[in-house]
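Remarks on the structure that follows.
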Amino acid sequence: MANRILVLYGSYRADRMGIRLADFIVARLTARGDAAELIDAKAIDLPMLDRMYKEYPKGGAPAAMEALAEKIRTADGFVFVTGEYNWGIQPGLKNLTDHFLEEWFWRPAAIASYSAGRFSGVRAATAWHGTLSEMGMVVISSTLSVGPIAQTLDARGNPTGDAGKYLEKAFPRFADDLRWWAEAAKAQRAVTPPPY
């Protein structure tokens, strides 16, 4: 049975480069037999956080938020594709993530970071690790770090040059790690309900 994996991406910029990495991940996970879906914060366009999903009366959340809550609840795992803004977390992705809490619990999360420069967004990835753990996810140890993004993936998300070859080589371990944790968590949830 295919794992349902949400690939979450959060840039709101006009010339978004990280979408290349998000598209690459969705395509590669799909090719491996997973049911991968891109969740684009800009396309969903939730408002700046005022009330979390759980703070709305049942059935009273905005339609986009309700639909996303269901997708998160029924996913087997997540990939957070993050750029690095001033050494920190991308605000669009953080805003989307913060609308939910219990919906994330007891599933694995993977982090794929990128930047225009050689540090590949690793400082944002480090910041995300603690945030996702606090939100009830198990963060896998494998990561993808892509930079410079424009020299690694073309506009359609296809690997290019030596950096693209490295990404292709690194991806299977990343995907295998995520799959192992997704299947382990799914099996455990079937045997024992989560404690909270």
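Any read-out appearing in this document is the output of simple, stated calculations on the displayed coordinates, not a laboratory observation. Keep in mind that this is a model prediction, so the values were computed, not measured. For neighbour counting, all protein chains shown are included, and Cβ atoms are generated from backbone atoms with ideal geometry for every residue, glycine included.
Just one of the listed residues (LEU21, LEU68, LEU29) is surrounded by 20 or more Cβ atoms within 10 Å (Cβ to Cβ), of a type outside the set (Gly, Ala, Ser) and within 15 Å of TRP104 (Cβ to Cβ), namely LEU68. For the range 173-193, the criterion of a residue being of a type in the set (Val, Ile, Thr) and farther than 27 Å from GLU103 by Cα is satisfied by no position. In the range 117-144, which residues are within 21 Å of ASP23 (Cα to Cα), of a type in the set (Gly, Ala, Ser) and surrounded by fewer than 20 Cβ atoms within 10 Å (Cβ to Cβ)? Within the range 117-144, GLY117, SER142 qualify. The residue pairs whose first member lies in the range 141-166 and is without any contact (Cβ under 8 Å) to a residue 60 or more places away in the chain and closer than 15 Å to GLU84 by Cα, whose second member is among the aliphatic types (A, V, I, L, M) and part of a loop (DSSP other than H, G, I, E, B), and whose beta carbons are closer than 6 Å, counting only pairs six or more residues apart or on different chains, are PRO148/ALA116.
Listed here are the residues, each with its yes/no results for (1) of a type in the set (Asp, Glu); (2) without any contact (Cβ under 8 Å) to a residue 40 or more places away in the chain.
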residue	(1), (2)
GLY33	no, yes
LEU46	no, no
ARG51	no, yes
LYS58	no, yes
ALA61	no, yes
GLU66	yes, yes
ALA69	no, yes
ALA75	no, no
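For the range 66-111, which positions are within 14 Å of the chain's Cα centre (by Cα), more than 15 Å from ASP40 (Cα to Cα) and of a type in the set (A, V, I, L, M)? ALA75, ILE89, ALA109, ALA110, ILE111, listed by residue number. Of all the numbered requirements in (1) outside any loop (DSSP other than H, G, I, E, B); (2) within 20 Å of VAL26 (Cβ to Cβ); (3) touching a Phe, Trp or Tyr at 6+ places or on another chain (Cβ under 9 Å), GLY157 misses one, and that requirement is (1).
Rundown of residues vs (1) aromatic (Phe, Trp, Tyr); (2) part of a helix (DSSP H, G or I); (3) in contact with a helix residue (DSSP H, G or I) (Cβ under 8 Å, 6 or more places away or on another chain), yes/no style:
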| position | (1), (2), (3) |
| --- | --- |
| GLY130 | no, yes, no |
| SER133 | no, yes, no |
| SER145 | no, no, yes |
| ALA150 | no, yes, no |
| GLU168 | no, yes, no |
| PRO172 | no, yes, no |
| ASP176 | no, yes, no |
| ALA190 | no, yes, no |
| TYR196 | yes, no, no |
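Considering GLY88, GLY130, GLY92, GLY121, the condition of being without any contact (Cβ under 8 Å) to a residue 24 or more places away in the chain and more than 17 Å from ALA175 (Cα to Cα) is satisfied by GLY130 alone. Applying the criterion of at least 3 residues that are aliphatic (A, V, I, L, M) to the strands (runs of 3 or more DSSP E) found wholly in the range 1-113 leaves 4-9, 35-40.
The number of residues in the range 121-147 being farther than 20 Å from ALA75 by Cα and either among the hydroxyl-bearing types (Ser, Thr, Tyr) or in contact with a Phe, Trp or Tyr (Cβ under 9 Å, 6 or more places away or on another chain) (or both) comes to 10.
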